[in-house]
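What follows is a set of notes on a single structure, which appears directly below.
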Amino acid sequence: MNELKNKVAIITGATGGIGRAAASRFAEEGARLVLADLDADLGEALVKDIRELGGDAIFVRTDVAKPHDHEHLVEAALKNYGRLDAAFNNAGISDGPMPPGLVEYPLELWDRIIAINLSGVFYAMRAQIPAMLKNGGGSIVNTGSVASQIAFAGVPGYVAAKHGVLGLTKAAALEYGARGLRCNVIAPGIIETPMTAPVLSNAQFREHTASTIPAGRVGRAEEIADMALWLCSDRGSYANGACFAVDGGYLAR
């Protein structure tokens, strides 16, 4: 318990499956939280839930595709808590349940998914790193995907963005590791979340997907949250520039 006691952490995409699970776990371990998402009603409800359980959190409505929103988010952390120690940059979207191939891929979908899934992580780190360096360092965890390391046909935007997140994270790890800042990627496999619900609700697809995973099942949001917690805690002190697959063994095939 108290693995994040006295640490201040930002979580983006905080009201979704993985983000919400991370918010709960971080709060349980003593973190003071700055939660970010687009839906203010869900965000404030999450803050209320955390406070009722004895946690400490605030919510800041954030569009991760806008650089200024990340600056405002970090300013809120410093104003309310005086420091920033960790960030779980988790916000992201998918191409959709039935995306087209590359040639037919809509330009507006490409722009949106790169803006949120890749540029959003860059903007976040750009705002977070200076604040963490003032404290002698910290930990940034970015949500990638198994698609950070392998490709899937039909989802070029998602694959490109998640590959980019891994490269961006490695570059930051090299640049700031000597100054006490650690940057890592979590690569989830298929996880049960509201984002994956449209495809996992199809029994045939779900059964086929599970059959491709050595663990024999899809993952739970809490399993990703626990990895994020470990990386943001002092127990992850020598992890830097790495990609941690939490995929039931999918990439090991």
Self-check item: Degrees separating the helix 67-81 axis from the principal Cα axis of the chain, which is the longest one
Solution: 40
Quiz item: Rounded, prolate or oblate: which fits the stretch 34-178, taking a ≥ b ≥ c as square roots of the Cα gyration tensor eigenvalues, rounded meaning a/c under 1.5, else prolate when a/b beats b/c?
Solution: oblate
Quiz prompt | Unit charges on C-beta of K, R, D, E only; dipole of the stretch 8-252, Debye | solution = 600
Quiz item: Mind ordering 240-251, 43-54 by average Cβ neighbours within 10 Å, highest first?
Solution: 240-251, 43-54
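Each value in this text was obtained by applying a stated rule to the coordinates, not by laboratory testing. Just so we're clear, the structure is a prediction, and the values are computed from it rather than from any experiment. Neighbour counts run over all protein chains shown; Cβ positions are idealised from the backbone, glycine included.
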